[in-house]
Amino acid sequence: MLKTITKPATLILALAAGALATAPAEAGGRGKEYFSQTYVMNKPMHGYEGRAGDYYCSYVRIPVHKMINGRMKVVAWTLQQHCY
């Protein structure tokens with residue numbers, strides 16, 4: 001019975017130590033969220049590039065290729081929007 005008590009207690013202590021280790025970074029104001037969204041469209045579209053409030057946003061357009069009759073053809077576009 002003692003072994004079943006010590007395993008959860010060890011897990012709880014390890015989780016608490018991990019939470020204390022991350023607390024100073026968040027308290028210093030360095031823990032800003034990162035946002036990322038991916039869209040798949042038929043044609044290339046522009047995302048938002050620039051400052052939005054306290055964040056800087058950028059985007060990447062990536063062509064989606066498919067082999068058709070032995071040739072590579074763009075069949076769709078992936079737009080990845082990142083704000084950090």
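Values in this text are rule-based calculations from the coordinates and carry no lab data. Bear in mind the structure is a predicted one, so any value in this text is a computation, not a measurement. Methodologically, a virtual Cβ is constructed for each residue, glycine included, from the backbone with ideal geometry; neighbour enumeration extends over all protein chains shown.
Data for the structure
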| item | result |
| --- | --- |
| Residues His65, His82, sorted so that the one with the fewest Cβ neighbours within 10 Å comes first | His65, His82 |
| Coordinate range along principal axes, alpha carbons of segment 32-84, Å, largest first | 48, 17, 12 |
